[in-house]
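This report concerns only the one structure given below.
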Amino acid sequence: MRPEPAAIDRAVALLQAGELVAFPTETVYGLGADAANPAAVGRIFAAKGRPADHPLIVHLAGAGCLDRWARDIPGRAWELAEAFWPGPLTLILKRTPAVPTAVTGGQDSVGLRVPAHPLALDLLRAYAEAGGGVAGMCGVAAPSANRFGRISPTEATHVREELGDSVPLVLDGGRCPVGIESTILDLTRDAALPPRLLRPGRVTPEQIAAVIGVLPETVTRSSAEAPPRVAGSLAAHYAPSTPLRLVAPTRLGEVIDILRATARRCAVLHYGSLPASVGTPHASRRLPADPRGYARALYAALRELDQTAAELIVVEELPATPAWAAVADRLQRAAAGAGMQAAPSGFPRWAAVAATDPATTR
Ligand code: TXA
Ligand code: MG
């Protein structure tokens, strides 16, 4: 699905005027504004209800304008840009003085990426040709186009559900092909140290290591060095409103039956087949049993299940293998963020079990 060129022209005019435009990327929909215009960036925070100290990712049409935004760019950054851009990898680099504080949440670094979605690239290129906003910086700041802490939108209609009329234009590019947010890699440390993986995504640590020759370090809460503030690294994030619990595949049937026996409405998100003996849950969605297919469909399915009258979303736990790490990370955060931490009233006690703390397990 590709909108008319007129829609791109309108989007460019809005960005140039300091207004918001939501647009598809290959990962999730972004809520964009001129990254060099602090008033425009302020509109993003207002629309999302996002705390002002959470930094934004700046989207560029190509690596060519990287040095307007970042300084002391290490060789590794150029290698990674060459290998993965356009694509779902965000690089955290030291910022130039030209980068507004509003974008960086007051940090000395900035997150940058070139998205791979054709529509996002059309927009970023047309924007650059039209002058590229304040000081011709050509960067579009865009967090995921959801309200703070909620599930990222992977379809244009999700953006409207989340943000209503606070966005003058939502470019519709159909469903996002990756479906979960970009991998975030912090390259601001001393070059003798491995870079830090702040958020897992489609681009894996192994793929990064294959390019730069060193495996990124995964940030854990116990790391001696304080990680930079990353909204997506909060234990509770990416969450539906309905309480969500992860259940081992071997216990799924038993749990559904317990809930049915207690007349609780449960929605089930699974990828394996449910045992034939199990009764029908209130709602269910079966996702593809491969990590890429699962990631692509995950957020839309969670949104749908959240909109049924289910009192609990039961999610079949994913295999504990590297290929599943990025989606498993999102589900653990969704479990930590969704609804109440205690068992909903009348639910069996297992429903109260707090989700595993992802920051200490990944
Ligand atoms: O796939 C994506 O990355 C999507 C699409 C729209 O590009 N964007 C996205 O943005 O997920 P957002 O704001 O929802 O998440 C970006 C994450 C945030 O958790 C933010 O804190 C972190 O990137 N981030 C941005 N700049 C940073 C910086 N300088 N240091 C550390 N983390 C940063
Ligand atoms: Mg987000």
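What number of residues within the stretch 155-177 are assigned to a loop (DSSP other than H, G, I, E, B) and either free of Cβ contacts under 8 Å to residues at least 12 places away in the same chain or within 14 Å of ligand 2 (Cβ to nearest atom) (or both)?
Adding up the residues that qualify gives 1.
So which of Gly149, Gly179, Gly174 is modelled with pLDDT under 95, over 17 Å from Ala36 (Cα atoms) and not basic (Lys, Arg)?
The match here is Gly149.
Could you grab me the full set of residues in the stretch 74-99 that are in contact with a strand residue (DSSP E or B) (Cβ under 9 Å, 6 or more places away or on another chain) and part of a loop (DSSP other than H, G, I, E, B)?
Selection gives Pro74, Trp85, Pro86, Gly87, Pro88, Thr96, Val99.
Can you tell me which residue in the stretch 1-23 is surrounded by the fewest Cβ atoms within 10 Å (Cβ to Cβ), limited to those that are part of a loop (DSSP other than H, G, I, E, B) and away from ligand 2 (no atom under 16 Å from the Cβ)?
Glu4
Against the definition (more than 16 Å from ligand 2 (Cβ to nearest atom) and in a helix (DSSP H, G or I)), how does Ala192 come out, yes or no?
no
When you go through (1) charged (D, E, K, R); (2) outside any helix (DSSP H, G or I); (3) away from ligand 2 (no atom under 16 Å from the Cβ) one by one for Glu26, which number turns out not to apply?
Of everything listed in (1) charged (D, E, K, R); (2) outside any helix (DSSP H, G or I); (3) away from ligand 2 (no atom under 16 Å from the Cβ), Glu26 misses just condition (3).
Any residue in the stretch 138-154 that is closer than 18 Å to Gly173 by Cα and in a loop (DSSP other than H, G, I, E, B) sitting within a Cβ distance under 7 Å of a residue that is more than 9 Å from ligand 2 (Cβ to nearest atom) and of a type in the set (Lys, Arg)? List the pairs, counting only those 6 or more apart or interchain.
Thr154/Arg175
Quick one: in the stretch 88-124, which of the residues that are small (Gly, Ala, Ser) and surrounded by 23 or more Cβ atoms within 10 Å (Cβ to Cβ) is nearest to Val203 (Cα to Cα)?
Result: Gly111.
Would you confirm whether any residue within the stretch 292-312 is in a loop (DSSP other than H, G, I, E, B), at pLDDT 90 or above and of a type in the set (Asp, Glu)?
The answer is yes, given that some residue of the stretch 292-312 is in a loop (DSSP other than H, G, I, E, B), at pLDDT 90 or above and of a type in the set (Asp, Glu).
When the residues of the stretch 97-115 are narrowed to those that are among the hydroxyl-bearing types (Ser, Thr, Tyr) and within 9 Å of ligand 1 (Cβ to nearest atom), which ends up farthest from Ile184 (Cα to Cα)?
Among those that are among the hydroxyl-bearing types (Ser, Thr, Tyr) and within 9 Å of ligand 1 (Cβ to nearest atom), it is Thr104.
Scanning for something more than 12 Å from ligand 1 (Cβ to nearest atom) and modelled with pLDDT under 95, does the stretch 209-216 turn up at least one residue?
No, the stretch 209-216 contains no residue that is more than 12 Å from ligand 1 (Cβ to nearest atom) and modelled with pLDDT under 95.
Scan the stretch 29-72 for residues that are of a type in the set (Gly, Ala, Ser), crowded, with 21+ Cβ neighbours inside 10 Å and in a loop (DSSP other than H, G, I, E, B) and jot them down.
Ala35, Ala36, Ala61, listed by residue number.
Any residue that is basic (Lys, Arg), closer than 22 Å to Thr321 by Cβ and in the same structural domain as Asp329 (by TED's automatic domain parsing) - is there at least one of those in the stretch 265-273?
No, because not a single residue in the stretch 265-273 is basic (Lys, Arg), closer than 22 Å to Thr321 by Cβ and in the same structural domain as Asp329 (by TED's automatic domain parsing).
The values are calculated or read from the model by the stated rules, or taken from the named source; none is laboratory data. Here the structure is a predicted model, which means the values were calculated and not measured. Virtual Cβ from ideal backbone geometry, glycine too; neighbours counted across all protein chains shown.
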